[in-house]
Amino acid sequence: MSNKVIAVVIDGLRYDKASEALGYIQHLVEANQAAFYKVKSELPSLSRPLYEVLLTGTKASENGITANQIVRLSKEKSLFHLTKENGLRNAAAAYYWVSELYNRAPFDFIEDRLQIDESKPIQYGSFYWEDDYPDSHLLADAESLRRKYNPDFLYIHPMGVDLKGEQFGSESKEYREQVLRIGQLLAQLVPIWMKEGYHIVITSDHGMSESGNHGGTTQGEREVPLFIISSEVEPGVYEEEVPQLAIAPLVCQLLEIEPSEKMISYTLPGLKKEKVIH
Ligand SMILES: [Zn+2]
């Protein structure tokens, strides 16, 4: 078993909609090949602050990324920094705010669109800035980085679900259709990744309200899914609510690298054993 990780963060995906509309991923849960958890997002339930939460395992009050409008490099140690320090390769196909947090801020739309530079925290990056950049293209960007550069940690971040949620609300036909669509795209790639022995983590930054926004404290805005497809995690449906701060150290465990000093220690139910960190 390799210790490579693919993390897919489906922007703006509510837990309840992930439960009912991701048919193939839920098939893996039914077939005892995936674990399914509910995560409670940190606050504020906004994108840029939660990208920083997911990637550094620190809270907004600690890391200072308290609003979408804070455009600067992160001061924390991210999964990109950690993988690089440990001699691993990383890659990301993500919204440009991720590049602004870890590689360069503000984003230069020409120079920063494709970043192939091993000296940067994100070593192989492909970034988009239009919220309607198709999820199909984003997943193709990610898969092409994977095939070309063979990263140990690949971060994939599609925006389509969030966009439809903000336009039409979480109870709309359009939002559900977009969740179905990302499910179909994942159904084409996840089997390939499984065959190649990746640990696969699928989650979201925040949910979505019925009225098409997020940032507050309601269940719809805060509850997001976490699926793990990994030989290290017992398949099944878990009731315990997982803190979002636990995702970054979990990825470290799967990668078999030391988490940063600021990351919380949390034992995920179903994790087969304490992995040996070396
Ligand atoms: Zn978001």
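The values are calculated or read from the model by the stated rules, or taken from the named source; none is laboratory data. Owing to the predicted nature of the structure, the values given are computational and were not obtained by experimental measurement. Cβ atoms come from the backbone with ideal geometry, glycine included; neighbour counts cover every protein chain shown. Quick note on the areas: whole protein, heavy atoms, side chains included, nothing else; ligands and nucleic acids left out. Shrake-Rupley method; radii C 1.70, N 1.55, O 1.52, S 1.80 Å.
Filtering the range 1-38 to residues that are more than 16 Å from the ligand (Cβ to nearest atom), in contact with a strand residue (DSSP E or B) (Cβ under 9 Å, 6 or more places away or on another chain), open to solvent by 10 Å² or more (accessible area, probe 1.4 Å) and in a helix (DSSP H, G or I) leaves Asp16, Ser19, Gln26, Val29. Out of everything in the range 192-208 that is in a loop (DSSP other than H, G, I, E, B) and crowded, with 19+ Cβ neighbours inside 10 Å, what residue ends up being farthest from the ligand (Cβ to nearest atom)? If we take residues in the range 192-208 being in a loop (DSSP other than H, G, I, E, B) and crowded, with 19+ Cβ neighbours inside 10 Å, then Tyr198 is farthest from the ligand (Cβ to nearest atom). For the range 118-165, a residue qualifies if it is touching a His at 6+ places or on another chain (Cβ under 8 Å) and open to solvent by 10 Å² or more (accessible area, probe 1.4 Å), and exactly one does: Pro121.
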